[in-house]
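Quick notes on the structure that follows.
Nothing in this text is a laboratory measurement; each read-out follows from the coordinates by a stated rule. Only a predicted model underlies this, so the values are computations on that prediction, with no experimental measurement involved. Cβ atoms come from the backbone with ideal geometry, glycine included; neighbour counts cover every protein chain shown.
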Amino acid sequence: MRRLTPFLLALVCVPFACSTVDTEDGDDGGGKKKKEEVDPTYVGVPGITVRQVAIYQSLKRTLMVDGGPGAGEVPLVAGRDAVVRVFYEDDGTYDGSEITARLEVEGGDPIELTAVLGGASVDEDMNSTINFVVPGDRVGQSFNYSVGLLVEGDEEDENSAARWPAEGLESVAVEGPQNKLRVILAPFQYNYDGSGRVPDMSPEAVEGYRQRLKAIYPVSDVEVSVRQATPWNQYIGPGGEGWQQVGYTVYGFRQQDGTPDDVYYYGIFDPEASFYAYCGGGCLLGVTLLNNQPPATGSVDLRLALGVGFPQYAADTMAHELGHSHGREHAPCGGPDSVDPQYPYAGAKIGIWGLDTVSMQLISPDTYTDIMGYCEKQWVSDYTYKALLARGQNVNLPDIHGATRVPAAMIGIDAKGHATFAGESTAPVNLGGRSVKASFVDSHGNRNEATARYFEYDHLPGG
């Protein structure tokens, strides 16, 4: 019976990935030899080659392909959740047994899962690859990693092709610093029709806005808070009627609230009870001023946008309009005005594969279009993603804050070129926009000349 003991113990230990050996010294007090656990030896799966390793934080970045460096299509962002996909190939000798897939990332324990491998991996099938979810706190100033597709075996059976790299860790630069996009939702209570209607600001609705922004903006996290609803008695129409007046009000919130410079305001309202009642004959969904001067940061005062709160379009409209607040022009899809002449892909295609790292839904570059266009099935292109990161990592620079402010008058220009006094405020002395000559009459009836700064609306004539 004693000779059977190691065999029986091995059967018990297999599910727990352990093994035992006899020790020569000491006993268990009953005259039996002690057993101690030893870690099993893992080797690369015979017949399997790791062909590609890619990391997704919204879009695909190839880390390795066929043993060489990847293309580095998009920058990585520190502190942002990620998914690592391992693409492999079977030469026909893999026996179909369960394997252990291991991702090692410097600074923490390995991430492991078990799987049975298929034939060959392809971009369009998540089930054809080994997929590791990597928490954002594992993505630091560099991403140092290794992957292995492993089985228990003897060292002489090692297949190094099933590992990358064969030894040690591969180091990848993380270009994007840890940063947070902060947005204040500023709902308006629509009283013009007597309804007192306010868009849905429930925790679930607010989380939906947050998740959409986090999915496509190159940030470590998104913070969305809600301002107290502002009563609104004026008409807001589907053709843009009344939108300017709402915009002037949102413009003033920053000063009223004493909000930090990096925060974006988003005014939101429901002029009708449903989207179909509002937009049956065509409509404006959102508007803002293109905030592209100075190019690196835009203007603090123009970190704002407006949009309707109908659930079918609210989150994408906000993502689009805040893109304009980040200085992005339109992508060429759906016939918008002010198309970015540098946009690299016809039809506003996104250029490379994407992945929603929450739902694990793949985003095809053949069917999805950029969030800055007007077409359906929207994601973010590598072109827009890089530009949003360049803007986002600049808005918190110390030398952007605290610029001297001076008194300023706001003048609205409508589609016919008519000017309307919109109130007094202050503006930084380094305010961007296009320089224009203006004349005005002061309280004594004297006509004066001045240099003004003009900002165009993105979806309306005027500014």
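The chymotrypsin sites (Phe, Trp or Tyr not before Pro) of segment 99-200 meeting both criteria, a DSSP state outside H, G, I, E and B (loop) and at most 16 other C-beta atoms within 10 angstrom of the site's C-beta, are Y192.
Can you tell me, using C-alpha contacts under 8 Å and at least 6 residues apart, the relative contact order of segment 258-381 as a whole percent? So the answer I get is 19 percent.
Roughly what % of Cα-Cα distances in segment 125-257 sit above 19 Å, to the whole percent? Of the Cα pairs, 71 percent sit more than 19 Å apart. Take the Cα radius of gyration of segment 180-392 and divide it by 2.2 N^0.38 Å, N being the number of residues; the result is 0.98.
Look at T369, T288 and count the other Cβ atoms within 10 Å of each Cβ; fewest to most, that gives T369, T288. Residue-wise HN-Hα couplings along segment 292-304, as the Karplus relation 6.51 cos²θ - 1.76 cosθ + 1.60 with θ = phi - 60° gives them from phi, are 10, 10, x, x, 6, 10, x, 9, 4, 5, 9, 7, 7 Hz; Gly and Pro carry x.
Working from Cα pairs under 8 Å separated by at least six residues, relative contact order for segment 180-392 is 19 percent.
Normalised by residue count, segment 43-173 yields a Cα convex hull volume of 101 Å³ per residue. Summarised in one figure, the compactness ratio Rg/Rh of segment 282-382, Cα atoms and Kirkwood Rh, is 0.97.
When the scattering of segment 140-191 is computed by the Debye formula from its Cα atoms alone, each counted once and equally, what is log10 I(q)/I(0) at q = 0.14, 0.15, 0.21, 0.30 Å⁻¹? Taken in order of the listed q values, log10 I(q)/I(0) reads -0.61, -0.65, -0.86, -1.15. Per residue, the average separation of C-alpha pairs within less than 8 Å and at least 6 apart gives segment 244-315 a relative contact order of 41 percent. Only beta bridges with both residues in segment 180-392 are counted; by DSSP, about 25 percent of them are antiparallel.
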